[in-house]
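A quick write-up on the structure given underneath.
The values are calculated or read from the model by the stated rules, or taken from the named source; none is laboratory data. On a predicted model such as this, the values are computed, not experimentally measured, just so you know. Counting neighbours? That spans all protein chains shown, and the Cβs are built from the backbone with ideal geometry, glycine included. Surface accessibility is based on the protein's heavy atoms, side chains included, excluding ligands, DNA and RNA. Shrake-Rupley method; radii C 1.70, N 1.55, O 1.52, S 1.80 Å.
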Amino acid sequence: MKQSHKKKKILLSILALFLLYIIWLSFNLLTFKTYSSPALKSSPLEIEGVYHIHSTYSDGRKSLDEIAKLASQAYLDFIILTDHGRPNHESYSSQGWKEGVLALAGSELSVSRGHLVALDFELPSGYFSQNAEDAFYEIRAGGGFTIISHPYSKTQWSWGKFIEYDGIEIINGDTALKKNIVASIPSLPALLIKPEYTFLRMLDSPHRNLRKWDELSSLHPTYGYFSLDAHLLYRPGFNLLHLHLLLQTPLSEDFDTAKDQVYEALRKGRFYNSIHAAAHAYGFRFSAKEKGGKTAPMGSTVMSDSPVTLNIEAPFPFAKDIHLVHNGKRISSSNEERVSYDAAHPGTYRVEVYLSERSPLAKKIPWIVSNPIFLREDEK
Ligand SMILES: [Zn+2]
Ligand SMILES: [Zn+2]
Ligand SMILES: [Zn+2]
């Protein structure tokens, strides 16, 4: 008799806990709302896409055609495939307009120091070297450029003296998914209803990557990338991490011209990164006013012997916290839609924007990360 009473009590407690959990999850899902920007798609000079995708050409679950269809449904302008290979010849040869989406293909090379993404290279007849530095020079000789993948996760990058790589990944979606799946068990049922919510709960603070990026940028212009590293779950993934490119002319319908436009923006750092599932970031700008009144966009190196005005535009009608970062240190913060700052010291300037109201992101995760403006002293 006593035994069954005890059992009943345990069952009731479990039921109560389960109910509390359902209430907690429902509350979180109901209050989770994506902000949208009023400037949504108003400029043909800003295009949006996703970088670092694996397809069935390597270890991804879907074919390029299926991936392009999902990208088109997510209103992406471009996608950048990075199938494994040194390089991946098949993936490279399949580039083109697919379902109205510009589908570009670089390759993710497994080299001596870790994983290195190569973009816009000339297809070699054979394979790139396994040695990281040799591969870098071969890619560069073929007109391409390189990005260090997930430097602190998965394969990790072993750092050497050579630091001339063009870019570094700041956030890697696949890392977050693999690393935090256990900690995210309470949010997992939400995958079925609002997968973006679960994904956002899984993201890690990117501060270690940001610190390394700042260190590299102080020695050599390096650009930062939000990388999805998708192998599966493409549909929710395409809403997660976006690159926003600033073009000089609207994206061409001609494939080769459009490809050059996208790669030119990446090579020059004329782009910013956003966590799209938290809020739509369209319309953000970071620029410098040069001596003769000329405007230099993010990614530029500005030579000057007098202070330069840095301008930030964040036309978002919700609360945000804008940090201006100089050589890795925050030097100003604001919640205005327009910010001007007179930069008197040379160095690397970049912007991080945090959501400060009903944010679905953890406190330390920036919603927007711009590319830097490098201020250099004019030699007289
Ligand atoms: Zn892979
Ligand atoms: Zn990798
Ligand atoms: Zn990858």
Revision key, fill the gap. Pairs returned, first residue in the stretch 120-133 that is under 19 Å from residue 267 (Cα atoms), second residue that is surrounded by fewer than 13 Cβ atoms within 10 Å (Cβ to Cβ) and modelled with pLDDT of 95 or more, beta-carbon separation under 8 angstrom, 6 or more apart or interchain, are 120/143; 121/143; 122/143; 123/93
Practice item. Return yes or no: is residue 139 surrounded by 15 or more Cβ atoms within 10 Å (Cβ to Cβ), among the aliphatic types (A, V, I, L, M) and touching a Ser or Thr at 6+ places or on another chain (Cβ under 7 Å)? Key: yes
Exercise for review: Kindly list the number of the only condition in (1) surrounded by 11 or more Cβ atoms within 10 Å (Cβ to Cβ); (2) more than 25 Å from the chain's Cα centre (by Cα) that fails for residue 19.
Suggested key: (1)
Exercise for review: Taking residue 91 as meeting all but one of (1) open to solvent by less than 10 Å² (accessible area, probe 1.4 Å); (2) over 25 Å from residue 255 (Cβ atoms); (3) over 21 Å from the mean Cα position of the chain (by Cα); (4) among the hydroxyl-bearing types (Ser, Thr, Tyr), write down the number of the exception.
Suggested key: (2)
Revision key, fill the gap. The correct count of residues that are assigned to a helix (DSSP H, G or I) and under 17 Å from the mean Cα position of the chain (by Cα) in the stretch 168-213 is 17
Review point. Limited to the stretch 94-103, what total is found for residues that are closer than 18 Å to residue 145 by Cα and surrounded by fewer than 24 Cβ atoms within 10 Å (Cβ to Cβ)?
Key: 1
Check your understanding: Under the condition of being assigned to a strand (DSSP E or B) and open to solvent by 80 Å² or more (accessible area, probe 1.4 Å), which residue from the stretch 334-379 is farthest from residue 315 (Cα to Cα)?
Key -> 377
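Considering only residues that are open to solvent by 60 Å² or more (accessible area, probe 1.4 Å) and in contact (Cβ under 8 Å) with a residue 40 or more places away in the chain, look in the stretch 142-167 and name the one that is nearest to residue 89 (Cα to Cα).
155
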